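**Student:** My questions all concern the structure below.
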Amino acid sequence: MEIILDVNQHKLSVDAPPGETLLSLLRRLGYFSVKHGCETGECGACTVLLDGKPVNSCMLLAVQTVGHTIETVENLGEHPDQGWKKVDEHGEALGLHPIQQAFVENGAIQCGYCTPAQILAAKALLDENPSPSEVQVRQALAGVLCRCTGYVKPVQAVLRAAAVMRGEKIDPLEPILAPKDWLDSTFNPITPSMESLQTSDSPLTQAQVFTQKPTARDASQWQQVGKPEKKVDAIKLVQGKPAFAADIELRGMLVAKVLHSPHPHALIRRIDASQARSLPGVAAVLTWQDIPRVVYSTAGQSHPIPGPLDTFSLDRKVRFVGDRVAFVAAESAEIAEQALALIDVEYELLPALFDPTQSMQPGAPCLHDEPEFVNFADSDPTRNLAAHIRIDIGDVEKGFAEADHIFEADYEVPKVQQAHIEPHVVVTYWDEDDRLVIRTSTQVPFHARRILAPVLDLPVKRIRVIKPRIGGGFGGKQEVMIEDVAAHLTIATGRPVIYEYTREEEFIAARSRHPMLIRMKTGVKKDGTITANSMDVLTDTGAYGCHALTVTGNTGHKAMALYVGDGPYRDHPNIRFYADIVYTNHPPAGAYRGYGVPQGFWAVERHMEKIARALHLDPLEFRLKNALRAGELQPFSTAWSEGRAPRPETIQTCGLEDCVRQGKAAIGWDQKFTYPDWHVVRDERDQIIPYLRRGIGVAMVMQGTAIPYLDMGGASIKMNDDGSFNLLVGATDLGTGSDTVLAQMAAEVLGVGLDDVITYSSDTDFTPFDKGAYASSTTYISGAAVVKAAQQVAERIRIRAARMITETTEGHPVYAQDLHLVDGKTIAPDGRYVTLSQVALDALHQQDQEQIMAVASFMSPVSPPPFAAQFAEVTVDIQTGSVVVDHLVMAVDSGVIVNPLTASGQIEGGMTQALGYAVCEEMRYDAHGQPRERSFADYHIFEADEMPELTTLFVETFEPSHPFGVKAAAEIPMDGVAPAVANAVQDACGASVDDNPLLPEKVWRALQKIG
Amino acid sequence: MILEYHRPQSLQQALELIARSSPTTVPLGGGTILNRPSSQAFAVVDLQALAAQPGSLLGQLKLSGSSMTIGAAVRLQNLLEWDAFPIFLKNVLKYEGSHNLRQIATLGGTLVAADGHSGFAAAMLALDPILTVQRINQQAQEISYGELLALRQQTMTGLLILSMDIAAQPKFAYQSVSRTPADFPIIGAAVAVWPSGRTRVVLTGYGISPLLAVDGPEASGVDIAAREAYSHAEDEWASAGYRSTMAQTLVLRCLEKISNQTELRIDEIKGI
């Protein structure tokens, strides 16, 4: 039907079917700031303003909006610099809207996928209420789910924008230093309140980031590293520019859909796609009979993939509810859906296996009986064994014999989802050279190209993978999971194809965190010295073994490495880590931020808490007494390295003790933990509320920084005529801010401002190889590559500049090694200088012409661990078991922080994801393998108006293996929140819960046990 | 799949359209349920033009003495922002869908589509409001919300909800347990007590709709009745034992809150 829409003050006459949603129509019209995140209105990524109110455009028919005004982010500000054009069509000076500006300045953007929606929600609020409270801002943002930020900085950005729009003077953003008394070893036990740390004239408008001064020797001379710079991609993201994989229009593009299995385990006896193929508008239907049978692994890892090859694009057998049965490409999504319904499949149902404890039992159904299965290490498909780990360090039995106490307990962790707001999405097409272009939302573009080549029967050189902006990944996109679907269909049809998961597909068919059953056994002396520590793990990898070995290996490698014991046990720890990773007919697990470590620390930190309580030891002192320290060997480095030869590694830096000191001060541990009165909750009349109790808990954690002797990143830097630089990296910014911190490091070495480094990532045709965004490696590995490349470029600049200064100025000759690059100049010790643009023009046009450029790569022989102390404060309803988390504090040693704004955003977002792991997130299946969670209504992730207070503290050390002393930050916040919350619950009411999340019924049952 | 879209300008047109049997034709409030992807084919009748007409019952928000009249096409967020809407109901309503969904969702659609996890529907069922409904060629008639929920099991073809009236005599309290504050209730209890002693207890968190556990002449024993009412309320989200025990606990809490209310909730309804 013909309708007229009023979009951004423009009347648009368009033809829209009656059932077309406003989201679909707006994107069809090119308003790409409006994003798809779900189909049921829970995520809010598709927010537009309808008559000034924020609404979900996926929930509105386009025709419903006739007669109303629609506003999208495209209607707000513009980039302030557009050449000769200085004013917009209304005569207003160009520039961003104050809300957009505040989001840029405040670090409120990570992946940026939900940013346009948040900005519109904020605009609707501020248009009505120019002076909102923080509570009101949180309520206004509550309709837009964000998986990256933890909402701290978006809320602060809205408050900051409100102040700007009211005409108030706002201080520039600077990191807030931790109070001195937090840094001293004899700190004042009175905890400063958050309010006392904020400036009186701009409350809550400044980023709450506490940081020590960097301890690096020359940190005071740094101009870029350590500064809260704005993200290099922020301006385009606040404008909602078409930066993501789906934000592209190609002539004749088909829409792909996948028929998913309704059965957990079955053979496809017969499949008839003839009716589907004859449906008008259908371009192709592919079944297992139509494409090459190539076994591979979807795990986006380096070659050779450390896991079994057990997957086919399409197979005769389905192994979980949601497994692939057929692919369809059609002129529209609706036609493709109709075609799926016309595919006639006859299944032979097979016995299904859901209980991992039964997977290896004789007679259990065998999931992988295909002859093409390729083993890795000890995998054995006849026993449903995807991977197998046996690590013994020291003599564990001797350690147990030397102990005064033995503590044993069982723990369990659930399957959970990454839940990035941008679904998996890919666009494929043949380019003019008949090379297959794959534009995909991936964390691993280079791995994707390598893995897909044999699957598609194309050589690597005829595939180009483009990674545009990514709307969050968290490990979920370290998987080559959907690219083959679109690629097969493009090969079949010759036409461009887009394939985008629905939110339901994300829940039924994508990857997740591995669920595990964990048994701990620990020997402890009376004084609290750990003499031996043992962990046995049974991991459910689901139907396929992607990341099976490495995720569970990491569970031990990090979580079991932290507590080595004290005294002689420090040099000779006794640690055992055994694991079986088995197949079941559940959906496959995979990579998820933390990569096995949160599972391990759930068990380890719950176990340590119980030991400390049983032995009446201070939980902080007990942990620190046994914890790994600088100068000691990472114990697992002597025993295991992801299926490769281990190489011993000494810990160079460990700020754990400082993390504990600062973290406990921030949360007020000493005023709370041992004080019964604090554990009581009173109402506004100071009357005790009998059914509420407060508690406080802690967990200490460590992670790694990249995979030693394996992870490699490359960088290329090229100098332009004006003295600016193009930085090309294969590293994959999924919203973490890695493009920004890499640019900061380049700018630091090259002596220029951040806006003189134009960063591009990533494209397998143009950028150097990088293994991709995982293992908390980008700032460290890719950053070191950037520094190396920048140093080579700087050297060429110095040589040329020395000649130029000597030839064009009076005075002594100057030498390259004496020159400094700073403020866009190359400066001699006596003050003579040439600008970088002069150097560039000279190099490109005038004398001994050359392109000043360099390519470098970096691989690390070590994986320096970050450390952290994570604290939680909770209120427990002892009648119902409800747990409300009131405050989370994380003090973290991630080495030198290159950008406190982006890094603290990582910590806040990670804590928030981990909070879901603690109290509400899990994926459950019924007796037939049918998933309980199919939408964000079932799978609840935290909203802006229900968040606890979050506090981030950086305890900076200087890691000597990196030129700027950095270690990882991205994954470690996932590790300790859940056990800290559980430990706080135990502190509050005695309820000891050993399987997360801490659902009300679980806590209630634990309370019933203790009476 | 939505086959047809209509935006009638008169109530008569709307009633004629929704009385059709082919294609199946249903009233469209906000669309937060109907506009979701669906394999079913049907037509929708958008009520927005009718609600915007002066004096339309569908769009009304009116406080008359001690009772409220709320049009079926009123958006939930407008209700939340209405000064006269009682705080104790706002506290339930603010978790009914997200901030954005409440901008679209209507009262009528919410009442009709409510599942067993709706706190707001439980609150409404406890307060026992009267709905004004109409069919083609019939006078408008009044039915209770409980009757409407029962009708959902049979047929609502041709039925249009025009408005809801809440009498403001009862004291009211709502308590729930959920995974997080903004999550749907695993178990919730809504209790309304009238000056006469009449007590209605509604449970939510389980099944396809809120459950009226008690409608009796006094409050005594209603907690036991609530416990019994959810004694089989077992599903993938919670055990029956837990829900049953919590039903009693939450009802007792509601009664305590109600007993501490010194004034009738009419004061809150007036926005005082």
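**Student:** What are the residues in region B:199-226 that are aliphatic (A, V, I, L, M) and in contact (Cβ under 8 Å) with a residue 40 or more places away in the chain, if any?
**Tutor:** B:Val201, B:Val202, B:Leu203, B:Ile208, B:Leu211, B:Leu212
**Student:** Have a look at B:Val45, B:Val112 and point out the one that is in contact with a His (Cβ under 6 Å, 6 or more places away or on another chain) and either more than 14 Å from chain A (Cβ to nearest Cβ) or surrounded by fewer than 24 Cβ atoms within 10 Å (Cβ to Cβ) (or both).
**Tutor:** B:Val45
**Student:** Filter region B:199-221 down to residues that are β-branched (Val, Ile, Thr) and touching a helix residue (DSSP H, G or I) at 6+ places or on another chain (Cβ under 6 Å) and give me whichever is farthest from B:Pro170 (Cα to Cα).
**Tutor:** So, considering only residues that are β-branched (Val, Ile, Thr) and touching a helix residue (DSSP H, G or I) at 6+ places or on another chain (Cβ under 6 Å), the one farthest from B:Pro170 (Cα to Cα) is B:Thr204.
**Student:** Still on this structure, I have one more. Can you tell me which residue is farthest from A:Gly910 (Cα to Cα) among those in region A:693-739 that are outside any strand (DSSP E or B) and of a type in the set (S, T, N, Q)?
**Tutor:** My answer is A:Asn720.
**Student:** Pairs needed: first member in region A:990-1009, under 21 Å from A:Pro676 (Cα atoms); second member anywhere, assigned to a helix (DSSP H, G or I); C-beta distance under 6 Å; at least 6 residues apart or different chains.
**Tutor:** A:Gly990/A:Ile1010; A:Ala991/A:Val985; A:Ala991/A:Val1003; A:Ala991/A:Ala1006; A:Ala991/A:Leu1007; A:Ser992/A:Gln986; A:Ser992/A:Ala1006
**Student:** Restricting to region B:120-147, what's the tally of residues that are surrounded by 15 or more Cβ atoms within 10 Å (Cβ to Cβ), hydrophobic (A, V, I, L, M, F, W, C) and either more than 22 Å from B:Glu96 (Cβ to Cβ) or out of contact with any helix residue (DSSP H, G or I) (no Cβ under 7 Å at 6 or more places or on another chain) (or both)?
**Tutor:** Qualifying residue count, region B:120-147: 7.
**Student:** Checking the condition in contact with a Ser or Thr (Cβ under 8 Å, 6 or more places away or on another chain), outside any loop (DSSP other than H, G, I, E, B) and either within 14 Å of chain B (Cβ to nearest Cβ) or not hydrophobic (A, V, I, L, M, F, W, C) (or both), which residue from A:Val889, A:Val876, A:Val839 passes?
**Tutor:** Sole residue among the options that is in contact with a Ser or Thr (Cβ under 8 Å, 6 or more places away or on another chain), outside any loop (DSSP other than H, G, I, E, B) and either within 14 Å of chain B (Cβ to nearest Cβ) or not hydrophobic (A, V, I, L, M, F, W, C) (or both): A:Val876.
**Student:** Those residues that are of a type in the set (Gly, Ala, Ser) and either in a strand (DSSP E or B) or in contact with a Ser or Thr (Cβ under 9 Å, 6 or more places away or on another chain) (or both), I need them from region B:130-148; list them, please.
**Tutor:** Across region B:130-148, the qualifying residues are B:Ala140, B:Ser144.
**Student:** Looking at B:Leu28, B:Leu15, B:Leu34, can you tell me which residue is within 26 Å of B:His99 (Cβ to Cβ), in contact with a strand residue (DSSP E or B) (Cβ under 7 Å, 6 or more places away or on another chain) and modelled with pLDDT of 95 or more?
**Tutor:** B:Leu28
**Student:** Confirm whether A:Ala352 is part of a loop (DSSP other than H, G, I, E, B), more than 14 Å from every other protein chain (Cβ to nearest Cβ) and of a type in the set (Gly, Ala, Ser).
**Tutor:** In short, yes.
**Student:** Now, a different point. Return yes or no: is B:Ser67 farther than 24 Å from A:Gly67 by Cβ and either out of contact with any Phe, Trp or Tyr (no Cβ under 6 Å at 6 or more places or on another chain) or crowded, with 17+ Cβ neighbours inside 10 Å (or both)?
**Tutor:** Considered against the rule, which asks whether it is farther than 24 Å from A:Gly67 by Cβ and either out of contact with any Phe, Trp or Tyr (no Cβ under 6 Å at 6 or more places or on another chain) or crowded, with 17+ Cβ neighbours inside 10 Å (or both), B:Ser67 comes out as yes.
**Student:** Please verify whether A:Gly91 is out of contact with any Pro (no Cβ under 9 Å at 6 or more places or on another chain), without any contact (Cβ under 8 Å) to a residue 24 or more places away in the chain and more than 14 Å from every other protein chain (Cβ to nearest Cβ), treating the condition exactly as stated.
**Tutor:** When the stated conditions are applied, A:Gly91 passes them.
**Student:** Starting from residues that are in contact with a strand residue (DSSP E or B) (Cβ under 8 Å, 6 or more places away or on another chain) and more than 9 Å from every other protein chain (Cβ to nearest Cβ), keep the ones in region A:924-948 and report whichever is farthest from A:Ala510 (Cα to Cα).
**Tutor:** Looking at the filtered set, the residue picked out is A:Pro948.
**Student:** Quickly run through region A:119-144 and pick out the residues that are within 12 Å of chain B (Cβ to nearest Cβ) and in contact with a strand residue (DSSP E or B) (Cβ under 8 Å, 6 or more places away or on another chain).
**Tutor:** A:Leu120, A:Ala121, A:Ala124, A:Ala140, A:Gly143, A:Val144
**Student:** Here is a further query. Could we say that B:Ala190 is surrounded by fewer than 18 Cβ atoms within 10 Å (Cβ to Cβ) and closer than 30 Å to A:Glu946 by Cα here?
**Tutor:** no
**Student:** Another question, then. Taking region B:16-42, which residues are within 12 Å of chain A (Cβ to nearest Cβ) and farther than 25 Å from A:Leu23 by Cα?
**Tutor:** Matches in region B:16-42: B:Pro23 only.
**Student:** So is A:Cys654 surrounded by fewer than 24 Cβ atoms within 10 Å (Cβ to Cβ) and within 22 Å of A:Gln906 (Cβ to Cβ) or not?
**Tutor:** yes
**Student:** A:Leu23 - would you say it is buried (at least 24 other Cβ atoms within 10 Å of the Cβ), facing chain B (nearest Cβ under 7 Å), farther than 23 Å from A:Leu126 by Cβ and in contact with a strand residue (DSSP E or B) (Cβ under 9 Å, 6 or more places away or on another chain)?
**Tutor:** So A:Leu23 fails the test.
**Student:** The conditions are (1) modelled with pLDDT of 95 or more; (2) in contact with a Gly (Cβ under 6 Å, 6 or more places away or on another chain), and B:Asp83 fails exactly one of them. Which is it?
**Tutor:** (1)
**Student:** Starting from residues that are in a helix (DSSP H, G or I) and within 10 Å of chain B (Cβ to nearest Cβ), keep the ones in region A:904-923 and report whichever is surrounded by the fewest Cβ atoms within 10 Å (Cβ to Cβ).
**Tutor:** Among those residues, the one meeting the criterion is A:Gly916.
**Student:** Follow-up. Just wondering, is there one or more residues in region A:54-77 that are in contact with a Lys or Arg (Cβ under 7 Å, 6 or more places away or on another chain), within 14 Å of chain B (Cβ to nearest Cβ) and among the β-branched types (Val, Ile, Thr)?
**Tutor:** no
**Student:** Output the residues belonging to region A:916-963 that are of a type in the set (Val, Ile, Thr) and farther than 20 Å from A:Gln418 by Cβ.
**Tutor:** A:Thr951, A:Thr952, A:Val955, A:Thr957
**Student:** Another question, then. Given the structure, is B:Asp115 within 20 Å of B:Gly146 (Cα to Cα) and out of contact with any strand residue (DSSP E or B) (no Cβ under 6 Å at 6 or more places or on another chain)?
**Tutor:** Answer is yes for this residue.
**Student:** Are any of the residues in region A:803-816 in contact (Cβ under 8 Å) with a residue 12 or more places away in the chain and either within 14 Å of another protein chain (Cβ to nearest Cβ) or under 41 Å from the mean Cα position of the chain (by Cα) (or both)?
**Tutor:** Looking for residues that are in contact (Cβ under 8 Å) with a residue 12 or more places away in the chain and either within 14 Å of another protein chain (Cβ to nearest Cβ) or under 41 Å from the mean Cα position of the chain (by Cα) (or both), one finds none in region A:803-816, hence no.
**Student:** Here are the criteria: (1) more than 9 Å from chain B (Cβ to nearest Cβ); (2) under 20 Å from A:Leu5 (Cα atoms); (3) out of contact with any Phe, Trp or Tyr (no Cβ under 7 Å at 6 or more places or on another chain); (4) buried (at least 23 other Cβ atoms within 10 Å of the Cβ). Tell me which single one A:Lys35 does not satisfy.
**Tutor:** Against the list (1) more than 9 Å from chain B (Cβ to nearest Cβ); (2) under 20 Å from A:Leu5 (Cα atoms); (3) out of contact with any Phe, Trp or Tyr (no Cβ under 7 Å at 6 or more places or on another chain); (4) buried (at least 23 other Cβ atoms within 10 Å of the Cβ), A:Lys35 comes up short only on (3).
**Student:** Here are B:Leu89, B:Leu80, B:Leu58, B:Leu50: which of them is away from chain A (no Cβ under 13 Å), in contact with a Leu (Cβ under 7 Å, 6 or more places away or on another chain) and outside any loop (DSSP other than H, G, I, E, B)?
**Tutor:** B:Leu50
The values are calculated or read from the model by the stated rules, or taken from the named source; none is laboratory data. No experiment lies behind these values; they were computed from the predicted model shown. Counting neighbours? That spans all protein chains shown, and the Cβs are built from the backbone with ideal geometry, glycine included.
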